[in-house]
Amino acid sequence: MFNSGKVLTLLCVSSLALACAFVFTQSAGAGTFGVSPLRLEMSGAVRTGLITVTNNGDDMMRFQVEASAWTQDKQGRDTYSRTTDLHYYPRILEIKPGQAGVKIPAVKKEKTYRIFIRELPKKDDPSGAAKVTVYMRFGVPVFVKPPNIVNSGELSDISLEGGDLSMRVKNSGNVHFKIGTIGIRGLSADGAPVFSNTINGWYILEGASRIYNTTVQPELCAGTSTLNILVDTDQDDFSGSLKVDESKCRE
C-alpha cells in the first residue's frame with residue numbers, strides 16, 4: 001500500500017529495455033527512480049541475473065540492497081527471513097542523476113527470494129528546513145527454477161456457509177505460479193447464468209496454499225444450483241465446482 005504524497009506509474013518499454021520498470025515519484029523531498037526487471041527467473045543453467053536501478057531525478061540518490069528468503073505460511077501469507085544463499089553486490093548504491101547502478105546476484109541453491117531496494121536519505125540537506133520525507137522500498141522477486149518443471153495447481157475445500165463462499169488454492173507443482181483472477185459463475189438448474197464474480201489473486205509458492213473467500217448475495221444464491229470456479233494463473237489454469245444447498249445461502 002502506498003501512502004499519499006507520491007504517485008506510482010508503471011512503464012513498459014519493450015522496444016528498448018525488453019522489460020517493464022516501476023518509476024516512483026515522490027513530492028516530499030525524495031527522488032525518482034526506476035527498477036528493472038520486475039522479477040528475475042533463473043535455473044541451473046542460468047545462475048546469475050541483473051537488476052538495474054536508474055536515478056531519474058536531479059540529485060544524487062542512495063539505496064540499500066538486502067536479500068531475503070521468501071516463503072509462505074499455512075494461510076498463504078508471505079514471510080521473509082534473512083538469507084546467505086544469494087551473493088549480490090553492491091550493498092549500498094550511490095547513483096548520480098541519469099545513471100544506473102547494477103546488482104548481480106548469484107544463486108547457490110534453488111529457493112525463492114526477494115531483493116529489497118530501499119531508498120536512503122540524502123547525506124546532507126542544505127536547506128535545513130523541517131519536512132516530512134517518505135522513502136520507497138521495492139522488492140524484486142527472484143525465482144530459481146528446478147531442472148524438471150512441474151506446473152500443477154489444485155482447488156479444494158470449496159464450501160458455502162451462510163452465503164460465505166470459501167476455497168483453498170494449492171500449488172502442488174514444484175515452481176511458483178501467480179493467480180490473475182479467480183472467476184466464479186453461478187448457474188441455475190437449467191444451466192442459465194445467475195451471477196458472476198472475480199477475486200484478485202497473488203503468488204502461490206511451491207507447496208504453499210491460500211484460502212480465498214467471497215460473499216454470495218442471498219437473492220442470487222437462492223437461484224443458483226451450481227458454482228463453477230476457474231483459477232486463472234500465469235501457468236496452467238484449473239477449476240472446480242460446487243453443488244449449492246439453498247439452506248447454506250443464509251445465515
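Can you find even one residue in the range 231-248 that is under 14 Å from Leu160 (Cα atoms), without any contact (Cβ under 8 Å) to a residue 24 or more places away in the chain, out of contact with any Asp or Glu (no Cβ under 8 Å at 6 or more places or on another chain) and not β-branched (Val, Ile, Thr)? Yes: one or more hits.
Only a single item in (1) farther than 18 Å from Asp73 by Cβ; (2) part of a strand (DSSP E or B) is not met by Asn213, and it is number (1).
From the list Leu10, Leu18, Leu93, the one residue that fits, being of a type outside the set (S, T, N, Q), more than 30 Å from Val150 (Cβ to Cβ) and modelled with pLDDT under 65, is Leu10. Scan the range 86-107 and report the pairs whose first residue is in the same structural domain as Thr32 (by TED's automatic domain parsing) and polar (S, T, N, Q) and whose second residue is at pLDDT below 80 and surrounded by 13 or more Cβ atoms within 10 Å (Cβ to Cβ), with Cβ atoms within less than 9 Å and a gap of 6+ or a chain change. The qualifying pairs do not exist here.
Say we look at the range 222-251 and pick out the residues that are of a type in the set (D, E, K, R) and not in a strand (DSSP E or B); which of these is surrounded by the fewest Cβ atoms within 10 Å (Cβ to Cβ)? Result: Glu251.
As a summary of the residue check, Gly191 satisfies the conditions (1) in a loop (DSSP other than H, G, I, E, B); (2) touching a Phe, Trp or Tyr at 6+ places or on another chain (Cβ under 9 Å); (3) more than 17 Å from Leu155 (Cβ to Cβ) except for the one numbered (2). In the range 136-161, the residues that are basic (Lys, Arg) reach residues that are assigned to a loop (DSSP other than H, G, I, E, B) with C-beta atoms within less than 7 angstrom, at least six apart or across chains, in these pairs: Lys145/Ser43; Lys145/Val175. I'd like to know if the range 110-130 contains one or more residues that are in contact with a Pro (Cβ under 8 Å, 6 or more places away or on another chain), modelled with pLDDT under 80 and surrounded by fewer than 18 Cβ atoms within 10 Å (Cβ to Cβ). Checking the range 110-130: at least one residue is in contact with a Pro (Cβ under 8 Å, 6 or more places away or on another chain), modelled with pLDDT under 80 and surrounded by fewer than 18 Cβ atoms within 10 Å (Cβ to Cβ).
The values are calculated or read from the model by the stated rules, or taken from the named source; none is laboratory data. Please read these numbers as outputs of a predicted model, since none were measured by experiment. When we count neighbours, we look across all protein chains shown, and the Cβ atoms used for this are built from the backbone with ideal geometry, even at glycine.
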